[in-house]
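To keep things clear, I will list the structure first and then write my remarks on it.
What follows is calculated from the coordinates using simple rules that are stated; it is not laboratory data. On a predicted model such as this, the values are computed, not experimentally measured, just so you know. Don't worry about glycine lacking a Cβ; one is built from the backbone with ideal geometry, like all the others, and counts go over all protein chains shown.
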Amino acid sequence: MTEFALGPYRLSVDVEATQNWYHVHGEAAGGCDCAYCRNFSAAVEALPPEVGAFLTRLGLDLRKPEDASECGPADGGRLYLPIYHLAGRLLERGAGPLTLAPGVTAWFTTDQGPFPRNFPEPFFQCCLELRLPWVLEEPEPEK
């Protein structure tokens, strides 16, 4: 286990177990192939590199959230709330989100699903809020 102090959060993460699970079971955009999730997979390359580096330290891959919820238009793009699971324990819960880059925040919790099968226990979640441009050649779907 590796301990991280990230702003107001303290985490104990089994980085290797997290990486191993995502290597075997993780899929880009949680395995969804809707236009919003395909856009997420393509557009995450537009994020500043510090966002991917933050997740990589924890054993996560920016392109492989367990869920990549799209929440509508925002600032000329789309608002996404991806959720990643981490093997380990959330030791101290912060009072607010961490700013990773302009327009990208993160927070940690223990109660955000969906909950993947066969994930190493105990586990908790890393949630992001970010805005991505629409980069697919196809038009944005109408909701």
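Here the simple spin-label model places points 7 Å from the Cα toward Cβ, and for residue 99 and residue 27 these points are separated by 3.7 nm.
Annotation for residue 136 and residue 12: the two label points, set 7 Å from Cα along the Cα-Cβ direction, are 4.2 nm apart. Distance between the C-alpha centres of the stretch 3-50 and the stretch 94-128: 10 Å, rounded to the whole angstrom. The charge dipole of the chain, taken about the Cα centre with unit charges on the Cβ atoms of Lys, Arg (+1) and Asp, Glu (-1), comes to about 320 debye, rounded to the nearest 20. Relative to the current alpha-carbon distance between residue 71 and residue 46, full extension at 0.36 nm per residue lengthens the span by 7.2 nm.
Report the net charge of residues surrounding residue 2, where surrounding means a beta-carbon distance below 12 angstrom and charges are Lys +1, Arg +1, Asp -1, Glu -1. Overall, the nearby charge balance is 0. Residue by residue, the stretch 15-26 carries 3J(HN,Hα) couplings of 4, 5, 5, 5, 4, 4, 5, 5, 5, 7, 10, x Hz when phi is fed to the Karplus relation 6.51 cos²θ - 1.76 cosθ + 1.60 (θ = phi - 60°); x denotes Gly or Pro.
Once phi is turned into ³J(HN,Hα) by the Karplus curve 6.51 cos²θ - 1.76 cosθ + 1.60 with θ = phi - 60°, what whole-Hz value does each residue of the stretch 6-14 show in order, with x for glycine and proline? So the J values, rounded to whole Hz, are 10, x, x, 9, 10, 10, 10, 10, 8.
A protection proxy built from the mean count of other Cβ atoms within 10 Å ranks the segments 36-47, 99-110, most packed first, as 36-47, 99-110.
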